[in-house]
Amino acid sequence: MPPDHLGRRRPGSAGRRKEADLRRDPRAGLTVFDRNDPLRYVEVRGTATITEDTGRRFAVELAGQYEGPGAGQEYLELPPEIVRVVIRISPRRVVGTAAG
C-alpha cells in the first residue's frame, strides 16, 4: 500500500455507531502506543471523512499487509449488504512523545 501522506485511514463497517457519530461530528482523534514503551505514543487529532470501501479494496490490502497474501479473502466473501467504509483522519494536530 502506498504511503498516505494526506491522513491516516482506518477500515470500518457502515451503519455502526462510530460512523454515525463521525458523520454528525467529524472531529476525531487516534492514539497509538508503543508496545515496548507505553510512555512513548503519538496522538493525531483532526477531521474525519468517510467513504465506501469500494470492492473492499482497502480492507483486503490492509489484511494482506499485516497478515500476508490472501488474508483479505474473508472481506471479499462477506455478503453484499455488509458495506465496508474507510475513515480518513486529516491531521490538524499531532502530539506525543513519538510525534517528532
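The values are calculated or read from the model by the stated rules, or taken from the named source; none is laboratory data. Just so you know, these numbers come straight off a predicted model, no measurement behind them. Remember, those area values only see protein heavy atoms, side chains included, never the ligands or the DNA or RNA. Shrake-Rupley method; radii C 1.70, N 1.55, O 1.52, S 1.80 Å.
Distance distribution P(r), the range 26-92, all Cα-Cα pairs, bin width 5 angstrom from 0: 4, 15, 16, 15, 19, 17, 10, 3, 0 percent.
Per-residue Karplus couplings for the range 40-56, computed as 6.51 cos²θ - 1.76 cosθ + 1.60 with θ equal to phi - 60°, are listed in order as 9, 8, 9, 10, 10, 10, x, 10, 9, 10, 10, 10, 6, 7, 4, x, 6 Hz, Gly and Pro entered as x.
Among 40, 92, the sequence by solvent-accessible area, most first, with a 1.4 Å probe is 92, 40.
Here the Karplus curve 6.51 cos²θ - 1.76 cosθ + 1.60, taken at θ = phi - 60°, turns the phi angles of the range 61-75 into couplings of 4, 5, 4, x, 5, 8, 10, x, x, x, 5, x, 4, 4, 6 Hz, with x standing for Gly and Pro.
Database remark: amide H of residue 72 closer than 5 angstrom to the amide H of 64 (H placed geometrically; neighbours at sequence offset of 5 or more, or on other chains; Pro and chain starts carry no H).
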